[in-house]
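Report on the following structure.
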Amino acid sequence: MEVLVVGSANADLVVGVERRPGAGETVLGTDLAVHPGGKGANQAVAAARLGAVTALLARVGDDAHGALLRESLREAGADTDGVLGGPTPTGVALITVDPSGDNSIVVAPGANARLAPDDVVAARALLSRAAVVSTQLEIPLETVVELARRLPPECRLVLNPSPPAALPPEVLRACDPLVVNEHEARFLLGASGGRAGSGSVEEAAWAAALLELGPRSVVVTLGARGALVASREGSEWVPSPAVRAVDTTGAGDAFTAALAWRLARGEELVTAARFAVRVGAVAVTREGAQRSFPTFDEVGGVAKG
Ligand code: RIB
Ligand code: NA
């Protein structure tokens, strides 16, 4: 198997808004849309749709949202044997999207909070077959820790620490790469992170500071501006093709999944990132998360950045 994703699966309840309400304020939005989402399921669907041999280890509820997620994964061609059910309801993400395509997300974890270290232990057969394992932080941190401990020697761990949390050194050291956006980078660097600059000099300093935390490599994603790829050997800027953003939801997940897949195929990190920015760029031009992810052929049509 090329990519094993260990992570969350959510039903995304999405409302378009002219602008986000402030505290104590009410605004009217568009009609409600319900889409399959969750950073883990998003990555699994994104990788599978590109053509990667992919499996997801996750927990959903025995409910309609869980069925929606299984269906989306199956349609994309991901292995769902590791998608476990149970009485706890499927996770739900409450999402608002504004006219610029930016979103705000609140996640009610539901069954995701039940994905336990024991589930990782029980999935040892899946784990032993994976070239790359990709995970995020919408599942319990102790599950991510167990995963880092049980990683087969030849297997690469890709971690997107979202939503951000303090990571134990043993997890940070296992990351190759650690994939962060601006929020996540700033969180991990604490006050020393400062602001993202407009030039590559500031981001290179960020990446260097993140490498100090222990990961073998770092990818800083900066939305429309592309990504900075850094390892002990140095750093390189990978620009993103210019596209018109409709909905950025899940674009980061698509980027990370594409990266994980190309790494599983043995590509260099920078080469993998050049492909991944194009996948992310397609995802932002369409509504929703999983439903916006491209096939391999659709990526070919996007101008190279
Ligand atoms: O990264 C986007 C995802 O974040 C959404 O699909 C939502 O479910 C939340 O997990
Ligand atoms: Na999208």
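The values are calculated or read from the model by the stated rules, or taken from the named source; none is laboratory data. None of these values were measured; they are calculated from a predicted model. Cβ coordinates were reconstructed from backbone atoms using ideal geometry, including for glycine residues, and neighbour counts include every protein chain displayed. Calculation scope for accessible area: heavy atoms of the full protein, side chains included, ligands and nucleic acids excluded. Shrake-Rupley method; radii C 1.70, N 1.55, O 1.52, S 1.80 Å.
Quick notes on this structure:
- Per the listing Gly51, Gly85, Gly38, Gly22, the residue uniquely of a type in the set (Gly, Ala, Ser) and under 22 Å from Ala245 (Cβ atoms) is Gly38.
- Among residues of region 272-294 that are within 23 Å of Trp237 (Cβ to Cβ) and free of Cβ contacts under 8 Å to residues at least 40 places away in the same chain, those with a beta-carbon under 7 Å from a residue that is in a helix (DSSP H, G or I) and away from ligand 1 (no atom under 16 Å from the Cβ) at least six positions away or on a different chain give the pairs Ala272/Arg262; Ala272/Leu263; Phe275/Arg262; Arg278/Val299; Val282/Glu298; Val282/Val299.
- Scan of region 221-252 for residues that are hydroxyl-bearing (Ser, Thr, Tyr) and more than 20 Å from Gln43 (Cβ to Cβ), ordered by number: Ser231, Ser235
- Per-region count, region 235-254, residues away from ligand 1 (no atom under 16 Å from the Cβ) and open to solvent by less than 30 Å² (accessible area, probe 1.4 Å): 3
- Residues of region 196-221 satisfying the condition of being at pLDDT 90 or above, aliphatic (A, V, I, L, M) and buried (at least 17 other Cβ atoms within 10 Å of the Cβ): Ala207, Ala209, Leu210, Leu211, Val218, Val219, Val220
- Of all residues in region 58-75, those satisfying the criterion of being open to solvent by 10 Å² or more (accessible area, probe 1.4 Å) and either assigned to a strand (DSSP E or B) or within 14 Å of ligand 1 (Cβ to nearest atom) (or both) are Arg59, His65, Leu68, Ser72.
- Residues located in region 178-195, provided they are at pLDDT below 80 and open to solvent by less than 20 Å² (accessible area, probe 1.4 Å): Gly193
- Only residues that are open to solvent by less than 30 Å² (accessible area, probe 1.4 Å), within 16 Å of ligand 2 (Cβ to nearest atom) and part of a helix (DSSP H, G or I) were counted in region 255-305, giving 15.
- Hey, Leu259 hydrophobic (A, V, I, L, M, F, W, C) and either more than 16 Å from ligand 1 (Cβ to nearest atom) or under 27 Å from Pro99 (Cα atoms) (or both) or not: no
- Region 22-43 - residue that is more than 16 Å from ligand 2 (Cβ to nearest atom) and closer than 30 Å to Leu84 by Cα and, of those, most open to solvent (accessible area, probe 1.4 Å): Leu32
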